[in-house]
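Down below is the structure, laid out as C-alpha cells.
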There are 2 protein chains.
Amino acid sequence: MSAARTDVEAVEAANTALYDAVERGDMDALARMWLEEQEAGESGVSVVHPGWPVLTGRGEVLRSYALIMANTDYIQFFLTDTEISVLGDTALVSCTENILSGGPAEEDGSAGPLVGGLVVATNVFRRTEDGEWKVWSHHGSPVLVERDEDDSDDDEEPGQGDIEL
Amino acid sequence: MSAARTDVEAVEAANTALYDAVERGDMDALARMWLEEQEAGESGVSVVHPGWPVLTGRGEVLRSYALIMANTDYIQFFLTDTEISVLGDTALVSCTENILSGGPAEEDGSAGPLVGGLVVATNVFRRTEDGEWKVWSHHGSPVLVERDEDDSDDDEEPGQGDIEL
C-alpha cells in the first residue's frame with residue numbers, strides 16, 4: 001500500500017477487495033471489510049442483494065453472504081463504470097457488476113451452467129479511525145431497461161435524456 | 001422546524017420530503033433536495049431507479065425524475081421499515097417504498113389503471129454547510145424474492161438466516 005495514493009484510489013481498492021472476497025468465497029475477509037456495529041451508526045450496516053429486501057445489521061448482512069456463497073460454486077465480477085466521490089470520511093461508489101456465475105455442480109460431477117448477469121451497485125464506505133475504508137452499505141439491483149448509448153439529443157423531447165423505458 | 005429534534009429526526013424529515021416532492025411532481029422542490037455539484041464530490045450525485053442503470057451528476061439525475069414525472073399521472077409512496085444511521089455529516093437511510101401509481105389517463109378521460117409496487121431504497125444524505133440534509137444518492141430496486149417473516153431458526157440450516165431464494 002502506497003502512502004501517496006489518493007482517497008479515491010484507496011476507496012477503489014477497497015471496493016475491488018469487496019468483490020474479490022465474494023469471488024473467493026472468503027467469509028473472514030468479507031467480515032473484516034464491513035464496519036463493526038459500533039462504527040456503523042444507529043441502525044448499523046445494510047445490504048440489498050439484487051431482488052432482495054433490505055437487510056440491516058452485521059448479523060443479517062453476513063448471513064446473507066454466507067447463504068449466497070453456499071449456493072454459488074463460481075462467481076466472477078467484471079466491474080465497469082466505477083464512479084467514486086469522497087466527502088470527508090465517507091465515500092460513495094457506483095459501479096456496474098458484469099457477473100459470470102455458476103450454480104452447484106451437476107450430479108455427474110460436471111460444473112453447473114454458467115450464466116451472465118448485469119447488476120448496478122451503490123456502495124457506501126466509511127474511513128475508520130485506523131484509516132481503513134470499510135463498507136457501510138451495499139445495494140445491488142438488476143438492470144431491466146436498456147440505456148441508449150447514443151448521447152445525441154437531436155431527436156429527443158426536452159427532459160427525455162437518454163433513457164429508454 | 002424544532003431546534004430540539006435529533007439528527008435522525010431531521011434526516012427522516014428530509015427523506016419523507018424527497019418522496020413528497022415526487023408525489024407532487026414538484027421538480028423545483030426535488031432539485032433543491034439534491035446536493036449541488038460542488039457539494040457532491042468527484043463524481044457527483046447518483047441515482048438508480050428500479051431496473052435502471054446508474055445515472056451520475058445532477059443533470060442526468062434531475063432529467064430522469066422529469067422523465068418519470070412526465071410518464072406518471074399519479075404516484076403515492078407509503079414508506080415502511082425506515083432505518084437511519086447518522087455518522088458525522090452523512091446519513092444512510094434504508095426504507096421500503098410501498099408504491100401505488102397510475103399511468104396517463106385513458107383516451108376517454110378516465111384515470112389510467114392503478115398498480116401497486118414494492119421497492120426497497122437506500123438513500124444517502126449529506127449535511128450541507130447551512131445544516132440542511134440533502135440527497136447524495138438514491139438507489140431503488142424491485143423486490144423479487146420473499147422474506148420469511150417467521151424469525152424462528154429451529155428448522156433452518158446454520159447460516160441460512162430468514163431469506164427464501
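The values are calculated or read from the model by the stated rules, or taken from the named source; none is laboratory data. Note that the coordinates shown come from a computational prediction; the quantities given were computed from them, not determined experimentally. For neighbour counting, all protein chains shown are included, and Cβ atoms are generated from backbone atoms with ideal geometry for every residue, glycine included. The area values use the complete protein model at the heavy-atom level, side chains included, leaving out ligands, DNA and RNA. Shrake-Rupley method; radii C 1.70, N 1.55, O 1.52, S 1.80 Å.
Residues in segment B:53-75 that are farther than 21 Å from B:GLY117 by Cβ, in contact with a Gly (Cβ under 6 Å, 6 or more places away or on another chain) and at the interface with chain A (Cβ under 7 Å from one of its Cβ atoms): how many?
Of the residues in that region, 2 qualify.
Quickly run through segment B:44-57 and pick out the residues that are closer than 15 Å to B:ARG126 by Cα and without any contact (Cβ under 8 Å) to a residue 24 or more places away in the chain.
B:GLY44
Is segment A:94-117 home to any residue that is more than 13 Å from the chain's Cα centre (by Cα) and crowded, with 20+ Cβ neighbours inside 10 Å?
Within segment A:94-117, none of the residues are more than 13 Å from the chain's Cα centre (by Cα) and crowded, with 20+ Cβ neighbours inside 10 Å.
Of all residues in segment A:26-45, which are under 15 Å from the mean Cα position of the chain (by Cα), open to solvent by 10 Å² or more (accessible area, probe 1.4 Å) and within 28 Å of B:ASP7 (Cα to Cα)?
If the condition is that a residue be under 15 Å from the mean Cα position of the chain (by Cα), open to solvent by 10 Å² or more (accessible area, probe 1.4 Å) and within 28 Å of B:ASP7 (Cα to Cα), then A:MET33 is the only one that fits.
So how many residues does segment B:24-46 have that are more than 9 Å from chain A (Cβ to nearest Cβ) and β-branched (Val, Ile, Thr)?
Adding up the residues that qualify gives 0.
Are there any pairs with C-beta distances below 9 angstrom linking a residue in segment B:29-43 that is basic (Lys, Arg) to a residue that is part of a helix (DSSP H, G or I) and at pLDDT 95 or above, with the two at least 6 apart or on different chains, and if so which?
Correct list of pairs: B:ARG32/B:ALA21.
Anything in segment A:61-75 that is in contact with a Ser or Thr (Cβ under 9 Å, 6 or more places away or on another chain) and buried (at least 16 other Cβ atoms within 10 Å of the Cβ)? List them, or say none.
Hits for segment A:61-75 are A:VAL61, A:THR72, A:ILE75.
Look at segment B:20-52 and say how many of its residues are in a helix (DSSP H, G or I) and over 18 Å from B:VAL119 (Cα atoms).
Here the count works out to 11.
Quick check, is B:VAL48 at pLDDT 95 or above, surrounded by 16 or more Cβ atoms within 10 Å (Cβ to Cβ), of a type in the set (A, V, I, L, M, F, W, C) and within 15 Å of B:HIS139 (Cβ to Cβ)?
yes
Can you find a residue that is part of a helix (DSSP H, G or I), within 14 Å of another protein chain (Cβ to nearest Cβ), under 28 Å from B:GLY88 (Cβ atoms) and not aromatic (Phe, Trp, Tyr) anywhere in segment A:76-97?
No, segment A:76-97 has no match at all.
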